[in-house]
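Asker: Sharing a structure here in structure tokens format.
Throughout, read-outs are computed from the coordinates displayed, never taken from laboratory work. Because the structure is a prediction, the values reported are computed rather than measured. Glycine also receives a Cβ, built like all others from the backbone with ideal geometry; neighbour counts cover every protein chain displayed.
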Amino acid sequence: MKQTLSELMRMSRICRMIFATCLGSFILVIFYFQSMFQPVMRRNPFMVEGCCRKGSRNALQELYNPTQPELSGAAVLHQARRDQVVDACRVYSASSRKRRVLTPGDLKHLVVDEDHELIYCYVPKVACTNWKRVMMVLTGRGKYSDPMEIPSNEAHIPSNLKTLNQYSIAEINHRLKNYLKFLFVREPFERLVSAYRNKFTLKYNSSFHKRFGTRIIRRYRKNATQDALLNGADVKFKEFIEYLVDPATQRDGLNEHWQTVYQLCHPCHIHYDMVGKYETLEEDANYLLQLVGVGDSLHFPTYAKSTRTTDAMTAQFFSNISTQQQIQLYQLYKLDFLMFNYSIPSYLRLE
């Protein structure tokens with residue numbers, strides 16, 4: 001009798017195990033067939049799935065798996081730009097022994113828009129004033145409607161925009177994984193000449209003249225006048241280049257207006273979902289605003305093309321720079337050229 005009861009209990013346990021196995025298999029099959037009929041979003045190794053706001057698709061999903069046919073061509077273009085950055089980082093990583101981990105202090109250029117789940121890394125001299133204006137409209141919750149109504153000096157007040165370094169480590173990681181991250185870049189030497197023209201040839205930038213101009217003239221100008229040493233208002237481009245390629249300057253760190261994009265935005269450590277270009281500024285900017293879902297109500301401000309630093313203008317500035325200094329300068333900005341697919345300028349003498 002005891003043996004029969006023991007056998008019945010054993011059979012009962014076996015039946016429960018079989019039932020649990022069958023039930024688990026049935027649930028897995030249901031999930032499998034569900035996934036077969038759900039749209040698959042193109043992924044990247046740095047991103048995890050973000051939750052849709054209010055049941056709608058977010059900008060990140062629309063970028064990687066566009067539902068609007070007119071956005072499909074742009075999606076291919078931006079995938080190519082992302083691939084270019086990844087390839088350049090892979091080559092740089094293989095050839096460099098330098099390894100580092102980002103700290104919150106490295107994230108001060110990354111502006112966060114919580115409402116639209118965006119992170120923008122601003123690069124000075126790449127339409128960053130207008131981008132900050134746009135970000136103020138996006139984050140202002142109705143306070144602003146027209147970016148150009150925001151004074152340029154107000155756009156640069158730190159408290160008007162929240163940056164990623166103001167969050168906790170856990171919050172930073174969550175946003176880097178789930179928000180659409182973008183930056184805008186420019187041909188490195190055009191950006192450099194633009195920075196020089198703005199900071200050293202305009203009278204209203206006296207703070208830069210005092211802070212950098214006096215130092216540059218003191219170091220690199222022979223027989224400088226007392227006025228030049230005191231005011232630093234007439235720095236020559238050749239002197240500016242001497243300052244940039246000086247190892248002492250690089251040890252001290254470059255100012256953000258002529259620092260490399262590689263050092264400002266860390267594209268080998270942060271996977272940017274969209275790389276916009278100054279050369280296609282309006283198209284790329286308005287494409288992003290379409291992804292966000294505000295393309296009908298918000299347009300990127302146009303800019304004065306007549307004052308823009310051009311390739312021909314840049315070539316003229318470089319005509320008086322020695323071959324050795326051109327080589328040194330190219331080495332300084334080489335990663336920006338490679339990552340963002342800018343060819344070596346024809347006016348450079350690198351041999």
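Asker: For residues that are under 23 Å from the mean Cα position of the chain (by Cα) and either β-branched (Val, Ile, Thr) or farther than 30 Å from residue 113 by Cα (or both), tally how many sit in the range 275-310.
Answerer: We begin by selecting, within the range 275-310, every residue under 23 Å from the mean Cα position of the chain (by Cα); these are 275-295, 298-303, 308-310.
From what's left, either β-branched (Val, Ile, Thr) or farther than 30 Å from residue 113 by Cα (or both): 275, 280, 292, 294, 302, 309-310.
Here the count works out to 7.
Asker: Give the range 76-109 a look and list any residue that's under 25 Å from residue 66 (Cα atoms) and either surrounded by fewer than 13 Cβ atoms within 10 Å (Cβ to Cβ) or of a type outside the set (Asp, Glu) (or both), or say none.
Answerer: Taking the range 76-109 and keeping what is under 25 Å from residue 66 (Cα atoms), we get 76-87.
The answer is 76, 77, 78, 79, 80, 81, 82, 83, 84, 85, 86.
Asker: Next question, about the same structure. Is the range 266-275 home to any residue that is without any contact (Cβ under 8 Å) to a residue 40 or more places away in the chain and not charged (D, E, K, R)?
Answerer: We begin by selecting, within the range 266-275, every residue without any contact (Cβ under 8 Å) to a residue 40 or more places away in the chain; these are none.
Scanning the range 266-275, I find no residue that is without any contact (Cβ under 8 Å) to a residue 40 or more places away in the chain and not charged (D, E, K, R), so the answer is no.
Asker: Here's something else I'd like to know. Name every residue in the range 166-176 that is assigned to a helix (DSSP H, G or I) and in contact with a His (Cβ under 9 Å, 6 or more places away or on another chain), in order of residue number. Don't jump to the end; show me each part of the working.
Answerer: Pass one, the range 166-176, residues assigned to a helix (DSSP H, G or I): 166, 169-176.
Selection gives 176 alone.
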